[in-house]
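Q: The structure follows.
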Amino acid sequence: MTNHVTLTQFIIEQQRELPGVSGTFTSLLNDVVTACKKISHLVNRGNLVGVLGSAESENVQGEVQKKLDIITNDIMVEALNWTGHLAGMASEEIDGIIPIPSQYPKGKYLALFDPLDGSSNIDVNLAVGTIFSILRCREGVEPAVEDFLRKGSEQVCAGFVLYGPSTMMVLTTGHGVNGFTLDQDIGEFILTHPAMTIPAETSEFAINMSNQRFWEPPVQRYIEECLQGTEGVREKDFNMRWIASMVAEVYRILTRGGIFMYPYDLRDPSRAGKLRLMYEANPMAFIVEQAGGACSTGRERILDMNPTGLHQRVPVILGSKNEVERIVGYHLAKG
Ligand code: FBP
């Protein structure tokens, strides 16, 4: 019988090696896992339980919500608000802070999440996911927005769950990156991808090419050189992918390398990008850097950014270190 290490066992053993750890964090993570198992079940059942399609309502970003955007948000909130580990939450689907109801004790952590990433894929049965970020909070206070607006480098933990052909959880607590597969038979996440790393070199890029005319010159140049392949300065051919689901793109990059870009574009200069810093870019940057990759806006390391808003958008360029550094070099050369 192979010794299958469950996520809970893995975290407890990892925490035992860390000084002054109370075990609260392990329980908090188990609460997140419970929520994601419920979401995995629902996503898998889809039309059988009538959860597909639009909800005829908009979120704070002005995006038409999918029914599952709202349902998955409720599942996360209901799994986390009573456990006594959190002082507050923030979600892509909710404008302000999500408070802990007064009847429940407050804890020393803050949770930020995108309950359903890649939601444009849900009705066409393609990969979607949940992304989460955990921060420490000042004890015994009713957290204000400022308590959430902390640099990505202050994250305690970041993770995502990919609801694909199999349900995978990828996690970091600042000690490398590990991947777990949900064994539907026993309802446990099992360690299947220990110590995931991203190769520094790659010949695969992911970007939504339909936005090309809006990109800045450094990105135009980088993509043009990739498309020229062996006939150009890169002297090698590049492959392209676009799944329209950041979780799936990052999982692919953790598995075989690559570069993912949702750069700044000139369509709406007031909008710095499409992806949100607090619950998309920061957690993914923590994971990618812990796996040996890099994550930048093109001009700044994402984890060094000082957040200015819960739903702030940022340009994102992440993946194989050498490619990210090349694109940052093009930006800095251009100034
Ligand atoms: P949601 O969190 O609203 O799904 O938006 C994020 C996202 O879906 C990313 O997962 C994905 O990389 C990107 O937007 C796709 O954008 P586009 O539809 O412009 O290709």
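Q: Let me check I've understood the local charge: for VAL5, count other residues with C-beta under 13 angstrom from its C-beta, Lys and Arg +1, Asp and Glu -1. What total comes out?
A: -3
Q: Can you give the net charge of the other residues whose Cβ lies under 14 Å from the Cβ of LYS38, counting K and R as +1 and D and E as -1?
A: Values: positive: LYS37, ARG45; negative: ASP31, ASP74, GLU78.
Its environment carries a net charge of -1.
Q: Another question, then. Report the one residue of HIS85, VAL250, ILE39 whose Cα lies farthest in the direction of the positive end of the charge dipole of the chain (charges on C-beta: Lys and Arg +1, Asp and Glu -1; origin at the Cα centre).
A: The listed residue farthest towards the positive side: VAL250.
Q: Can I ask one more? Looking at the square roots a ≥ b ≥ c of the eigenvalues of the Cα gyration tensor of the range 35-116, which shape do they give, rounded for a/c under 1.5, prolate if a/b is larger than b/c, or oblate? Working shown, then result.
A: On the way: a/c = 2.76, a/b = 1.54, b/c = 1.79.
Judged from the Cα gyration tensor, the range 35-116 comes out oblate (a/c at least 1.5, b/c at or above a/b).
Q: Please report the antiparallel percentage of the DSSP beta bridges confined to the range 139-280, to the nearest 5.
A: In the range 139-280, DSSP labels about 75 percent of beta bridges as antiparallel.
Q: Among DSSP bridges having both ends in the range 28-125, what percentage is antiparallel? Round to the nearest 5.
A: Antiparallel bridges: around 45 percent, rounded to the nearest 5.
Q: Using Cα atoms only, what is the angle between the long axis of helix 24-45 and the major principal axis of the chain, expressed in degrees (0 to 90) to the nearest 10?
A: 70 degrees
Q: Which of rounded, prolate, oblate describes the range 45-91, given a ≥ b ≥ c as roots of the alpha-carbon gyration tensor eigenvalues and a/c under 1.5 marking rounded, otherwise prolate only if a/b is larger than b/c?
A: Oblate shape, in that a/c is at least 1.5 and b/c is the bigger or equal ratio.
Q: Roughly how far apart, in whole Å, are the Cα centres of the range 162-231 and the range 259-308?
A: 14 Å
Q: Convex hull over the Cα atoms of the range 218-335, averaged projected area in nm²?
A: Average projection, Cα convex hull of the range 218-335: 7.4 nm².
Q: Rounded, prolate or oblate: which fits the range 205-270, taking a ≥ b ≥ c as square roots of the Cα gyration tensor eigenvalues, rounded meaning a/c under 1.5, else prolate when a/b beats b/c? Write out the running numbers ahead of the final one.
A: Values: a/c = 2.44, a/b = 1.06, b/c = 2.31.
Oblate, because a/c is 1.5 or more while a/b does not exceed b/c.
Q: Here is a follow-up. By how many degrees, 0 to 90 and rounded to 10, does the Cα axis of helix 217-228 deviate from the longest principal axis of the chain?
A: Between the helix axis and the principal axis of the chain, the angle is about 70 degrees.
Q: On a 0 to 90 degree scale, rounded to 10, what angle separates helix 7-16 from the longest Cα axis of the chain?
A: Between helix and principal axis, roughly 90 degrees.
Q: Enumerate the amide H contacts of VAL316 below 5 Å, restricted to partners 5 or more residues apart or on another chain; note that Pro and chain-start residues carry no placed amide H.
A: For VAL316, the qualifying residues are TYR262, TYR264.
Q: As a test of the formula, what do you get for the chain when each DSSP H run with n ≥ 4 contributes -39,500 (n - 2.57) and the sum is divided by the residue count, at 222 nm and rounded to the nearest 500 deg cm²/dmol?
A: Helix contribution divided over all residues of the chain: -9000 deg cm²/dmol.
Values in this text are rule-based calculations from the coordinates and carry no lab data. The model shown is predicted, which means the values in this text are computed figures rather than measured ones. Ideal geometry is used to build each Cβ from the backbone, glycine not excepted, and the neighbour counts take in all protein chains shown.
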